[in-house]
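Read the structure below first, then the notes.
The values are calculated or read from the model by the stated rules, or taken from the named source; none is laboratory data. Note that the structure is predicted; figures quoted are calculated from it, not measured. Every residue, glycine as well, gets a Cβ built from its backbone with ideal geometry; the counts of neighbours run over all protein chains shown. Remember, those area values only see protein heavy atoms, side chains included, never the ligands or the DNA or RNA. Shrake-Rupley method; radii C 1.70, N 1.55, O 1.52, S 1.80 Å.
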Amino acid sequence: MAGALRLILGDQLSHEIASLADIDAQLDVVLICEVMAEATYVRHHPKKIAFLFAAMRHFAAELQAKGFTVRYVKLTDAANTGSIDGEVRRALAEQLLTRLVATEPGEYRLREVMRSWQTIDGVDFEMREDVRFLASHADFERWAEGKKQLRMEFFYREMRRRYNILMDKDGLPEGGAFNFDRENRKPPPRGLASPRRISHKKSQITREVLELVRQKFSGHFGRLEPFHFAVTRDEALLELQHFIAMLLPHFGDYQDAMVTGEAYLYHSLLSCYLNAGLLQPLEICRAAERAYRSGAVPLASAEGFIRQILGWREYVRGIYWHAMPDYAKLNFFNAKRPLPEFYWSGETEMFCIAEAVRHTHEHAYSHHIQRLMITGNFALLAGLDVEAVCEWYLAVYADAFEWVELPNTLGMALFADGGIMASKPYAASGKYISRMSNFCRHCRFDSKETTTENACPFNALYWDFLARNERLLRKNHRLVYTYATWDKMAQDAKELIRKKAAQFLGDGMV
Ligand code: FAD
Ligand code: DLZ
């Protein structure tokens, strides 16, 4: 009997991945390859490339230790063709294999490549569903069918019931409600800092990868070292344990808080491990639930955290595959302004943006509210080019893969899908940033001012965004009070605001 080539992509590093389900240790070959095309289709942050290559190499070693044959192609191997497609075809030819098994990828463009494998001469190709997600494509389509509007909250409730997470013995949500957000999201008290994070001893494999990435990708945005990522499942499990014990108790309270110099606060930093396959969503949710049931963690924190994974993460993946490929082209506001240079350099007098870019450059990470309400909010208000903004988010974060990045950026942050993801744009003025962070204290602009010399640009831009897009937004029932406030403003005040906004935008944005 002929063996099979079993492809494992850089974000499929799970021993229970579908493509390994029925592997034959005698006959089959696992293919894992580092390729330039994947490392450069956007200019990924060096930490992201190093994390993935190091995790891929460690995963390959684990498979070999289990007795499997692994064909591991390094980026610098002389015969490396530079793409997944090229490496699959080369491996099939060189290993004389007539079967190819893969798990569906997380990006549409690669699924199109995989479709072409159906016609490789003499090869029987099977693309399997990615069973690591908690809602299959069919589950999501069934749920979405016939609904005029898709909303995460209702999807999430179904997922809670289906997986019996935080449900009581009568089948009702623990604590009498599905959502405790009202108890979460406190502004940061003075001096708020997060507990120390763990780090991991670098193996020889990781040190070699760091050297490789330093040589090949130092021209990409972002700092390679210090490098603290977990690169194996065991290390990722330590990250999970540390989060549950030390940080989850306060996760809900400070979920939306932003503090100067504190990139992480009480966030889990687990997204890159989840997305690469080192951790599984259900084990994380169960660990958080256990912590609540043991009395170590308040319900609002456990629920708020579980909702992000069982709700948001599964929901955005559902939206991505439901709406692609047209989704990537949506541009509801026809936003076309070029991405300002400060998204790369961090050189702007708007302290909040400089700080978010600094965290991103340093860690390949910034937490959700910085992504949404600082860099995302600014892009929305200023009408930055949707494609350029999406490309930025895909490049700069260690957890970024298009299935999760695109709905969050194009849909949630930019409202470029016209409301598929969110019921209204997450537009906010400087007052929100001032309430939820201590950034404004370090800023030369005044968050209370809108049109004066030192006025925070977010204020005029906020009203200008609403005025500019009135035709598209006034009918949104969630913006009734906002437009009522705008309507009440005197004509000359409105004109001044719009002039101020035009000045910010015209000046190359501060
Ligand atoms: P925590 O705050 O600790 O949350 C726990 C987990 O919940 C995360 O690890 C993540 O797996 C999940 N989660 C939380 N929010 C979301 C969400 N909105 N969508 C999907 N999963 C979520 N997340 C990515 O994983 N990859 C991306 O490329 C990405 N791009 C984003 C772009 C924008 C503009 C925005 C607004 C959000 C984006 N997110 C993305 C969602 C979210 O910001 C990150 O998942 C989160 O910041 C990761 O940090 P953490 O692990 O500390 O998360
Ligand atoms: C992101 C990434 C990078 C940087 N490099 C590789 C690689 O060399 N080989 C590989 O198999 N995967 C890599 N990846 C992850 C892929 O881009 C990812 O599998 C697709 O984007 C689908 O989610």
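So here's what we get for this one:
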item: Farthest positive-ward along the chain dipole, Cα basis, beta-carbon charges - from Val88, Pro189, Ala78; result: Pro189
item: Rg(Cα)/(2.2 N^0.38 Å) for the range 384-458, N = residue count; result: 1.33
item: Helix 314-323 vs. the chain, principal-axis angle (Cα, 0 to 90°, nearest 10); result: 90 degrees
item: Within the accessible area of the range 117-249 (1.4 Å probe), percent carbon and sulfur; result: 49 percent
item: Estimated FRET transfer efficiency (His477, Asn334; beta-carbon r; R0 30 Å; 0.05); result: 0.85
item: Residues whose placed amide H lies under 5 Å from that of Asp417, excluding near-sequence neighbours; result: Phe332
item: FRET efficiency estimate (nearest 0.05) - Cβ-Cβ, Arg111 to Ala467, R0 45 angstrom; result: 0.65
item: ³J(HN,Hα) computed for each position of the range 77-89 - Karplus, 6.51 cos²θ - 1.76 cosθ + 1.60, integer Hz, glycine/proline x; result: 4, 4, 8, 4, 7, x, 9, 4, 4, x, 5, 5, 5
item: Amide proton proximity set for Ser437, modelled H, under 5 Å, gap of 5+; result: Met258
item: The range 445-510: radius of gyration and largest Cα-Cα distance (Dmax), Å; result: 12.1, 34
item: Crossing angle, helix 204-217 versus the chain [Cα axis fit, 0-90 degrees, rounded to tens]; result: 60 degrees
item: Largest-first principal axis extents of the Cα set of the range 133-187 (Å); result: 35, 32, 21
item: Dmax and Rg, reported as Rg then Dmax, of the range 278-428 (C-alpha, Å); result: 16.5, 51
item: Distant alpha-carbon pairs in the range 342-504 (separation over 27 angstrom), percent; result: 23 percent
item: Rounded to 10°, Cα long-axis angle of helix 46-65 versus longest principal axis of the chain; result: 30 degrees
item: Probe 1.4 Å, accessible area per residue of the chain, Å²; result: 42 Å²
item: Leading residue at positive end of dipole, the chain (Cβ point charges), from Leu224, Leu63, Gln204; result: Leu224
item: Label point distance in nm, Arg290-Glu362, each placed 7 Å from Cα along Cα→Cβ; result: 3.3 nm
item: Fraction of accessible area attributable to carbon and sulfur, the range 324-423 (%, probe 1.4 Å); result: 52 percent
item: Lysines whose Cα lies under 27 Å from that of Lys475, excluding same-chain neighbours fewer than 8 positions away; result: Lys147, Lys148, Lys329, Lys336, Lys424, Lys431, Lys488, Lys494, Lys499, Lys500
item: Efficiency of FRET between Ala245 and Gln491 - r from beta-carbon atoms, R0 60 angstrom, step 0.05; result: 0.55
item: Volume of the Cα convex hull of the range 1-135, divided per residue and given in Å³; result: 114 Å³
item: Hz values of 3J(HN,Hα) by residue in the range 163-168 - Karplus curve (6.51, -1.76, 1.60), Gly and Pro given as x; result: 9, 6, 10, 6, 10, 8
item: Qualifying lysines (Cα of each under 22 Å from Cα of Lys48; at least 8 residues distant if same chain); result: Lys74, Lys201, Lys202, Lys216
item: For the range 137-323, diffusion coefficient by Stokes-Einstein and Kirkwood Rh (Cα), 4 °C, 1.567 mPa s, µm²/s; result: 70 µm²/s
item: Long-range amide H partners of Leu100 with built H, under 5 Å; result: Leu5, Asp124, Phe125, Glu126
item: Phi-based couplings in Hz for the range 3-18 (Karplus 6.51, -1.76, 1.60; Gly and Pro marked x); result: x, 10, 8, 10, 8, 10, 7, x, 10, 10, 8, 10, 5, 9, 4, 4
item: Candidate residues Cys440, Cys285: accessible-area rank, largest first, probe 1.4 Å; result: Cys440, Cys285
item: Distance from the range 327-397 to the range 1-24 (C-alpha centre basis), Å; result: 36 Å
item: Solvent-accessible area, 1.4 Å probe, carbon plus sulfur percent, for the range 4-115; result: 53 percent
item: Relative compactness, the chain, computed as alpha-carbon Rg over 2.2 N^0.38 Å; result: 1.01
item: Gap separating the Cα centres of the range 145-203 and the range 428-507, nearest whole Å; result: 31 Å
